[in-house]
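Asker: Once you've had a glance at the structure underneath, I'll fire off some questions.
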Amino acid sequence: MCRCPGHPGNPGRGNRAWGRDPLAARGVGLTGRDDARLRGAIAAAAQRLAVAGVPSPHVDALALAEHALGVPQLILAVPPAIPAGFEVALDALVRRREAREPLQHIIGFAAFRHLTVPVVRGVFLPRPETEVVAEQAVDEARRLTGAGREPLVVDLCTGSGVIVLSVATEVPGSRVIGIDMDPTAVAAARGSAVALEVGAAAARFEVGDVSDPTLLADLAGAVDVVISNPPYIPDDAIPLEPEVADHDPPRALFGGGADGLDLPRHVVTAAARLLRPGGLFVMEHADVQGASVRELLDRTGAFEPATTHHDLTGRDRFVLARRR
Ligand SMILES: C[S@@+](CC[C@H](N)C(=O)[O-])C[C@H]1O[C@@H](n2cnc3c(N)ncnc32)[C@H](O)[C@@H]1O
């Protein structure tokens, strides 16, 4: 889910195109009565979710059916047996989604790039658009390992830790540190690292405040990549989607100040302190903040001219700049 109004998401399927019949789109080979029963249940669930205003009703209905059936994906040539009580279980799940509880909280996991991580209430849910932002750190770390280096990457405002875990798992040999001021988020990120069997040498998570000038003081001038998806919504821009307004922690959303950039300013200051000369800074922002974020970076004098880049929907989404 995007923090911008009108751009909802789902665990890993929000940025993919799906037809109106998700079973047909996946080539699911159901036959006979089970076929009709499953298709009917999913179609009815999708209809209810559409009426409730859920932005991706067919995809969500399918995910809830998978959850009710206890199968990871309905792509089996032979469909699973439909257990007793399937419709009742699906109805209970659909009710929760109709009430606009995030799909990830209902099914218990979120997908990000190639990862599937458990979700924890009170911790910001990873968004599809951040996958492209994370890719910048993955590509830079891969470039450095290709040159025989052992890249050091710092993710400020790490939340669930999915950016850290993406770099650590996609680029063996990199060392990645995630910082968040919220101990619940740090515990969740550590839990995901354990679940994914990512060791502390590759990824570690610490509680810390990006506005603290002593944060990671021992690494000043030594970091190859600083990446961040900080809170950046302006104080008076209340998110409209219930999934965001009622379930994401406010500290993960609002950047502070009329422009929402108080926290991102601290992130920029920390990045200038931590990066080595030539090191890469990557920061996500709202689609309307491209120019002000570039200006904010350029005014520091610490970076080469900053550039703005798009997400998969073509909206301005993140800034890149090299440390002078
Ligand atoms: C938008 S979430 C990003 C989470 C994750 N990086 C992602 O992309 O899914 C922002 C995170 O910043 C954290 N945060 C807010 N203020 C902070 C601060 N002053 N220092 C460190 N982390 C902070 C919040 O706890 C939240 O987890």
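Asker: Which helices (runs of 4 or more DSSP H) sit wholly inside the stretch 148-263 and have at least 3 residues that are aliphatic (A, V, I, L, M)? Full working, then the answer.
Answerer: On the way: elements: 162-170, 183-195, 242-245, 250-253.
Per the criteria, 162-170, 183-195.
Asker: Looking only at the stretch 222-252, which residues are buried (at least 19 other Cβ atoms within 10 Å of the Cβ) and either among the charged types (D, E, K, R) or under 15 Å from MET181 (Cβ atoms) (or both)?
Answerer: Residues satisfying the conditions are ASP224, SER228, ASN229, PRO230, PRO231, GLU241, GLU243, ASP248, ALA252.
Asker: Moving on. In the stretch 135-159, which residue that is over 22 Å from ARG190 (Cβ atoms) and in contact (Cβ under 8 Å) with a residue 60 or more places away in the chain is nearest to the ligand (Cβ to nearest atom)?
Answerer: So, considering only residues that are over 22 Å from ARG190 (Cβ atoms) and in contact (Cβ under 8 Å) with a residue 60 or more places away in the chain, the one nearest to the ligand (Cβ to nearest atom) is GLN136.
Asker: If I filter the stretch 96-117 down to residues being assigned to a helix (DSSP H, G or I), more than 10 Å from LEU64 (Cβ to Cβ) and more than 13 Å from the chain's Cα centre (by Cα), which single residue comes out as nearest to the ligand (Cβ to nearest atom)? Break it down into steps so the answer makes sense when it comes.
Answerer: Residues of the stretch 96-117 that are assigned to a helix (DSSP H, G or I), as a first pass: 96-98, 103-107.
Restricting the remaining residues to those that are more than 10 Å from LEU64 (Cβ to Cβ) gives 98, 104-105.
The next check asks that each one be more than 13 Å from the chain's Cα centre (by Cα); those that pass are 98, 105.
Details: GLU98: 26, HIS105: 15 Å.
Only one residue tops the list, namely HIS105.
Asker: Over 17 Å from ASN229 (Cα atoms), in the same structural domain as VAL138 (by TED's automatic domain parsing), more than 8 Å from the ligand (Cβ to nearest atom) and surrounded by 20 or more Cβ atoms within 10 Å (Cβ to Cβ): is that true of SER166 in this structure?
Answerer: Values: over 17 Å from ASN229 (Cα atoms): no; in the same structural domain as VAL138 (by TED's automatic domain parsing): yes; more than 8 Å from the ligand (Cβ to nearest atom): yes; surrounded by 20 or more Cβ atoms within 10 Å (Cβ to Cβ): yes.
No, not satisfied.
Asker: Let me ask another. Pairs under 6 Å by beta carbon, first residue without any contact (Cβ under 8 Å) to a residue 40 or more places away in the chain in the stretch 199-217, partner part of a loop (DSSP other than H, G, I, E, B), six or more apart or different chains?
Answerer: GLY208/LEU215; ASP209/MET181
Asker: OK, next. Could you grab the pairs with beta carbons closer than 8 Å, sequence gap of 6+ or different chains, first residue in the stretch 240-256 and closer than 17 Å to ASP60 by Cα, second one within 13 Å of the ligand (Cβ to nearest atom) and among the charged types (D, E, K, R)?
Answerer: VAL244/ARG3
Asker: Only one residue in THR308, THR269 is in a helix (DSSP H, G or I) and closer than 26 Å to ARG142 by Cα. Which one? Don't jump to the end; show me each part of the working.
Answerer: Numbers: THR308 fails: in a helix (DSSP H, G or I).
One residue alone meets the criteria, THR269.
Asker: Taking the stretch 248-273 only, how many residues are charged (D, E, K, R) and more than 9 Å from the ligand (Cβ to nearest atom)? Reasoning before the result, please.
Answerer: Step one: filter the stretch 248-273 for residues charged (D, E, K, R), giving 248, 251, 259, 262, 265, 273.
Right, trim to more than 9 Å from the ligand (Cβ to nearest atom) and you get 259, 262, 265, 273.
Residues that pass the stated criteria total 4.
Asker: I need the full set of residues from the stretch 259-312 which are farther than 30 Å from PRO239 by Cα and among the small types (Gly, Ala, Ser), in order please.
Answerer: Correct list: ALA272, GLY278, GLY279, GLY301, ALA302.
The values are calculated or read from the model by the stated rules, or taken from the named source; none is laboratory data. All values derive from a computational prediction rather than experimental measurement. Quick reminder, even Gly has a Cβ in these numbers, built from the backbone with ideal geometry, and neighbours come from all protein chains shown.
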